[in-house]
1. Working carefully through the options A:300, A:278, A:273, find the one that is hydroxyl-bearing (Ser, Thr, Tyr), within 14 Å of another protein chain (Cβ to nearest Cβ) and closer than 30 Å to residue A:113 by Cα.
2. Looking at C:157, C:133, can you tell me which residue is within 12 Å of another protein chain (Cβ to nearest Cβ) and within 21 Å of residue C:289 (Cβ to Cβ)?
3. Tell me yes or no: at least one residue of the range C:280-303 is free of Cβ contacts under 8 Å to residues at least 40 places away in the same chain and under 24 Å from the mean Cα position of the chain (by Cα).
4. Would a scan of the range B:62-73 turn up a residue that is more than 13 Å from chain C (Cβ to nearest Cβ), under 25 Å from the mean Cα position of the chain (by Cα) and not aromatic (Phe, Trp, Tyr)?
5. Could you list all residues from the range B:303-319 that are facing chain A (nearest Cβ under 9 Å) and either of a type in the set (Ser, Thr, Tyr) or buried (at least 16 other Cβ atoms within 10 Å of the Cβ) (or both)?
6. Determine whether residue B:82 is of a type in the set (S, T, N, Q), within 30 Å of residue C:336 (Cα to Cα) and away from every other protein chain (no Cβ under 14 Å).
7. Being aliphatic (A, V, I, L, M), surrounded by 17 or more Cβ atoms within 10 Å (Cβ to Cβ) and on the phi < 0 side of the Ramachandran plot is the requirement here; does residue A:155 meet it?
8. Does the range B:123-139 contain any residue that is at positive phi and polar (S, T, N, Q)?
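The values are calculated or read from the model by the stated rules, or taken from the named source; none is laboratory data. These numbers come from a predicted model, not from an experiment. Here Cβ is always computed from backbone atoms with ideal geometry, including for glycine, and neighbour counts include all displayed protein chains.
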Amino acid sequence: MKADQRPFPLNAWYAAAYDVEVGRQLMARTVCNQKLVMFRKTDGIVAVLEDACWHRLLPLSMGRLEGDEVTCGYHGLVYNAQGRCTHMPSQETLNPSACVRSYPVVEKHRFVWVWPGDPAKADPALVPDMHWNHDPEWAGDGKLITVKCDYRLVVDNLMDLTHETFVHGSSIGQRAVAEAPFVATHGDRTATVTRWMENIDAPPFWAGQIKQGLGYEGKVDRWQIIRFEAPCTVVIDVGVAEAGTGAVPSGGNQGDPALSDRRRGVNGYVLNTITPETDRTCHYFWAFARNYCLGEQRLTHQLREGVAGIFREDELVLEAQQAAMDAHPDHQFYNLNIDAGSMWARRLIDGMVSREQGPASGAPVIPIRRAA
Amino acid sequence: MKADQRPFPLNAWYAAAYDVEVGRQLMARTVCNQKLVMFRKTDGIVAVLEDACWHRLLPLSMGRLEGDEVTCGYHGLVYNAQGRCTHMPSQETLNPSACVRSYPVVEKHRFVWVWPGDPAKADPALVPDMHWNHDPEWAGDGKLITVKCDYRLVVDNLMDLTHETFVHGSSIGQRAVAEAPFVATHGDRTATVTRWMENIDAPPFWAGQIKQGLGYEGKVDRWQIIRFEAPCTVVIDVGVAEAGTGAVPSGGNQGDPALSDRRRGVNGYVLNTITPETDRTCHYFWAFARNYCLGEQRLTHQLREGVAGIFREDELVLEAQQAAMDAHPDHQFYNLNIDAGSMWARRLIDGMVSREQGPASGAPVIPIRRAA
Amino acid sequence: MKADQRPFPLNAWYAAAYDVEVGRQLMARTVCNQKLVMFRKTDGIVAVLEDACWHRLLPLSMGRLEGDEVTCGYHGLVYNAQGRCTHMPSQETLNPSACVRSYPVVEKHRFVWVWPGDPAKADPALVPDMHWNHDPEWAGDGKLITVKCDYRLVVDNLMDLTHETFVHGSSIGQRAVAEAPFVATHGDRTATVTRWMENIDAPPFWAGQIKQGLGYEGKVDRWQIIRFEAPCTVVIDVGVAEAGTGAVPSGGNQGDPALSDRRRGVNGYVLNTITPETDRTCHYFWAFARNYCLGEQRLTHQLREGVAGIFREDELVLEAQQAAMDAHPDHQFYNLNIDAGSMWARRLIDGMVSREQGPASGAPVIPIRRAA
């Protein structure tokens, strides 16, 4: 990436909130360094405006929502849901420049998606696929955490699950994850890392799940199929099945996952979308959806809190990494074999940013070398 | 204002403390980015010195006051009330440069006023008129709050009381304040905004006052006469009277306030002087004086706490506005009709600063446009 | 010192920890702006490595110690005690550049000393003499505090004990310390300040010690022999004896301390070594050793806490001084007679830094003038 580039593209859909967070009150949130105010109109549709009054910059989120209009909490300027000022105190003529920016919004897969770039390019078809979040064949729940790091460090973290062995040793980590071979592939907007672990002991988390789901205790085949969709969504197909019952497609990492027979297994999707808040902080929306014990609320609750605990372990690592990078601004990083997935993710992100910011300037490119 | 200008003049009297704050102990306070140490001499006169020992910069306020001299709390250098060093440890000859700056001081209208600029220009006649603060015909009390904003944002706030409607809706705000016409005038050092509201329902605060003061319940005439004295004092003549009893001078906003007959009304003065602490923080001294129920201590207490609650609402808005301005350093502001008073106040402040800093440099002037 | 110079030399031994702090767990500490991870190997020898994984900069101190190797807590890279990477996940060939810096270490006089500069110059003979810290003829204890100031301000503080009179008036301070004459001398790496106070009342602290040690109450002779060893160790020989029993050598400050007869006195050594953590913070290791009542644990405990209280008084002053210096970056300091010792200490430090950084650049030298 060029030294003067933004760390994120603007022409993209970013999750700004869980659907349930946005209602008939004004809610402030920052996305890609842009301060937003969000609310549902009386028709239930979400509106998103710039969170700064045109007059004196007071956050509109400190004002009042009346009908579909927002009244500034300082001098009472009123804005409609398109951001146009419709009333000024002691004044009959309104300045034609009196408006705040409004943002394209789509509500889909349980998230409110905002497009901080050129509105003309905001194609709803580009919203990432996270349908497991509301599909009746899957059950789950999630959370939003705000992490004090560049959102790309979270993407790196998810694109290489080797770290489970060292960061999450008490739950989902095990030697096999660091040792089993994997395959990384990529497309124009996606990158995929596939890893199959055959005939292993399940780590504590998965041993509990397959026992609960299928009453099975014994050796398992385990899989992790990590799919990145630029710029910041990572959906991970995870699970274990009774060893040797066909979950691992013939050919293993070279085989076709669609031919995986998982009838004797339990399957989850870890849904992650990581929205830059600023250059060095991010909103990390995640959920865990499963295809077993669908009606058990207790398990949903337990999984949500269990996964939250695992993600807190990541948070400590990610914030320490960001602090170390801030302390070594000129550090040159080397990539290992395990970084193949995140390298592709980074290239796809860099490509989106470069296309937005025009042809390369003369700014120096920091080379990334591959370890021998 | 020029981009490289200070936000405040130095050649001016600034309230540095309430009189009762300064006694026979060393007190630290920062005024216009200058760290001061204040104390009363044995004769009761207040002395103000630079709060940094000439030798190693330790704040003198960490030392000891003995008689009229201050001993540094590190190595024992002694300074007299004029800032001259009179003793050094282990040394008989004193370096002639060994002194700290002393400041012109006037104690008047219950405040200790300090002049941070050229001492030769410190004319006591220039102290702003806040005599209601100790006049026996008026009773009142006040507080000091430190607000995390440029002092000029507080001046802006006071020069347009439209905001009462939106910020102080539960006490003094009402639609009439935002809707009634007003008149703004100015002189060489002052700017005035006058607004009369005839035959209206009193807002909760004033309904309580006129009932308590005169036993009256019913329609009122209300007035706000805001008088700014550069650079940072705002005295507001406020009150309500029984509707139609002559409080509104004939001609209304165009009339002569001196011809207002307030015998059937209750009158208060909101006394405000806002001292820059730094470029982005200020000491806001305020008091509320009234001309009714003079002997009722309970009312004095109640008004002090009531007004303090109203000013906390302003504090939230002012600090949010400063934060938003810091986040948008190049934002170009537009003025509305309601900003007429603060525009004049700003021009008077800018004029004082420009006269101090000499003829305009080539620095760019940020234009302020008026809304159409 | 040149404006662009570091405030400390790198080619020097710095105390990084008390011996007991370092064990079979990973411990993080910053020395001279360098982040270190420390641990004891299975043979008991201390190893010190750079605290940032070569791969993604995660602090190694967040990882695990197994045998003599450290496993990174993110992706499991393993480093030996020399800092060489010995294992990478999913990879058989290790990049030859994969290592972190290791530091020369010596454990001596109860401290772990680290050399942050050129390892080839790390001569163990250069470790400062603090043998009282483990000599069986002396008993004592100490602490580590982290002070938010340039380490040189602590050196200044210790090189002129005049401040005891003003900072520590309730324990060791007394007028005599500020008034008695002293002599400052220096060598190539050391500077010494000697002060004898004859036939005085003991201050509260020493009155208690000589009563406890010798059952004596009455006039004393008191001494302070401050010895600085560049860049940051100050050992102070302090004590009182029955007045007139030969503790003061003939000739007083001009006499030979070796001829001091202290048989009728109590003697302590204040051992101080102040390690820069960053340019504006330091690790201050101190201990107080005595030659009387050696076996009394209660006295050891009482002295440790008593001296800790005295040093907290210094901390307040030092942090206020640093804050004032930060607020006056261009302030020109004048030296008094009492600053003779710290002037020599500063010159020795500056000489070490200048020799490391090569011949003087064109950067401006800030002159230090002596008070007349």
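1. That would be A:278, the only listed residue that is hydroxyl-bearing (Ser, Thr, Tyr), within 14 Å of another protein chain (Cβ to nearest Cβ) and closer than 30 Å to residue A:113 by Cα.
2. Values: C:133 fails: within 12 Å of another protein chain (Cβ to nearest Cβ).
Only one candidate qualifies: C:157.
3. Scanning the range C:280-303, I find at least one residue that is free of Cβ contacts under 8 Å to residues at least 40 places away in the same chain and under 24 Å from the mean Cα position of the chain (by Cα), so the answer is yes.
4. no
5. Start the filter on the range B:303-319 by keeping residues that are facing chain A (nearest Cβ under 9 Å), which leaves B:316-317.
Correct list: B:317 only.
6. Yes: the conditions hold for residue B:82.
7. For residue A:155, the condition - aliphatic (A, V, I, L, M), surrounded by 17 or more Cβ atoms within 10 Å (Cβ to Cβ) and on the phi < 0 side of the Ramachandran plot - is met.
8. The answer is no, given that none of the residues of the range B:123-139 is at positive phi and polar (S, T, N, Q).
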